[in-house]
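Asker: Quick one: structure below, then a few questions.
The values are calculated or read from the model by the stated rules, or taken from the named source; none is laboratory data. Owing to the predicted nature of the structure, the values given are computational and were not obtained by experimental measurement. Every residue, glycine among them, receives a Cβ derived from its backbone with ideal geometry; neighbour counts consider all protein chains shown. Side chains are part of the model used for accessible areas, which takes the heavy atoms of the whole protein and leaves out ligands, DNA and RNA. Shrake-Rupley method; radii C 1.70, N 1.55, O 1.52, S 1.80 Å.
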Amino acid sequence: VVRLLSLRLPSSAAPTAAAPTGEAEVLVRRARAGEADAFRALYERHGPAVWRFLRDLLRDEAAADEATQETFVRAHARLGSLREGERVGAWLLGIARHVWREGRRGGVLTAAAGSAEECEAHADASAALPAPSPEDLLLDRELEGHLGAALGALREERRAALLLRLDHGLAYEDIAGVMGWSLPKVKNEIHRARLQLREHLAPHLGRAP
Amino acid sequence: VTAPHLPAETLEAWLSGALAPDGAAGLEAHVGACAECARALGWLRAERAWMAQRARRTPARPALAWERLEARLHADAAAPALPQALPPALPRVAAPAPSRLRPPRRWAHGAAALASAAAALLLLAVLPLGGGPVRLEDGEPEALRERGVEACVDPAQEALAALERRLSACLLATPVLATVR
């Protein structure tokens, strides 16, 4: 029987995966020594961000639940491979990406909606879009829906790279490691993803200059 | 001569307060005079704001309760590598303590002394009852040999681990996503 209890989520913005802290390193060391409390702290600190990353890739909350658990099961088994000083958040997101890709290779998970070629055609035309107004910075439910749709229209790998940067705060070098790409490719993919995202969102903004 | 446009990385660094004061002053002067960089900065600022608000709205997921993950980790640690290797009638020992997860196999050797001691204590409880073969965990055979007890160690787990190392592949991982939905 599985007890269903709410995972404690951070009340503020998700923990960024970008900066290693002394506390995080201590937690990793303790977790590697088999201390359940330390691994639990890592899970509760990074679980919501990992879940959100997987939810954004899978576009399915229940599947993201399963994939998040699988990510942390693997993380627990591979704690010994986490290098000293390596950012644990980026490391976890890398495992999450592998979990997602394995599921996708199985043919069960659906690919992103939209045509990548169509998005490419629009991307170059979006560079001169007017910037959002200060009022646009508030993400109301309607705009959040448009943002989700815009992310969903991105090609999956490109979406993953953009989210690693925008949502999870990874450095470009860390994204290259997670995605297995060269640094120029990371920058190019994120740049194009941003242009596509803006193209999708611009019609839904107030358009105040 | 027109100054080149600023790369997104530089604008992002300014937004996050990572630029040195003189660099920040130069950027602000450039953005004040360059409509394209000002536009790019506006989009970057909006994207940061939207993502932060979106992250704060990450819903609590009951399915992500720690207790559920903990149960799975304990189950994985306690489960035999191959189910048929353990006859159902044999007594089981060395169940993990509830507050301490069993370390992954690759670094379990560091805890060998502790495991041996625990195994010895557990044997004291098991031996008077049965005398049949005992299912062993990592680090326990040495303690058993010291006591002259015949041990049944499943070689499949070690063989599988060696194969994993040779192939650099995780063969034990369960492709959970393949069964989702």
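Asker: To the nearest 100 Å², how much accessible surface do chains B and A hide from each other in total, with a 1.4 Å probe?
Answerer: Values: alone 13390 and 11860 Å², together 19220 Å².
In total, chains B and A hide about 6000 Å² from solvent.
Asker: I would also like to ask the following. Determine the shielding of peptide A:68-77 by partner chains: average, over its residues, the number of Cβ atoms on other chains within 10 angstrom of each Cβ.
Answerer: Numbers: counts 4, 7, 8, 1, 5, 8, 4, 1, 10, 10.
Other-chain Cβ atoms within 10 Å of each residue's Cβ, averaged: 6.
Asker: Sticking with this one: Please give the peptides A:53-60, B:23-30 ranked by average Cβ packing (other Cβ atoms within 10 Å per residue), highest first, as a rough proxy for protection.
Answerer: On the way: A:53-60: 22.6, B:23-30: 14.2.
Output ranking for A:53-60, B:23-30: A:53-60, B:23-30.
Asker: What ³J(HN,Hα) values, in whole Hz, does the Karplus curve 6.51 cos²θ - 1.76 cosθ + 1.60 give for segment B:46-57 when θ = phi - 60°, with x put for Gly and Pro?
Answerer: My calculation for segment B:46-57 gives 5, 4, 4, 5, 5, 5, 5, 5, 5, 5, 5, 8 Hz in order.
Asker: Moving on. If we count every other residue with Cβ under 11 angstrom of A:GLU61's Cβ, Lys/Arg +1 and Asp/Glu -1, where does the sum land? Please report the intermediate quantities before stating the final value.
Answerer: Values: positive: A:ARG52, A:ARG55, A:ARG59, B:ARG61; negative: A:ASP56, A:ASP60, A:ASP65, A:GLU66.
My count for the surroundings of A:GLU61 gives 0.
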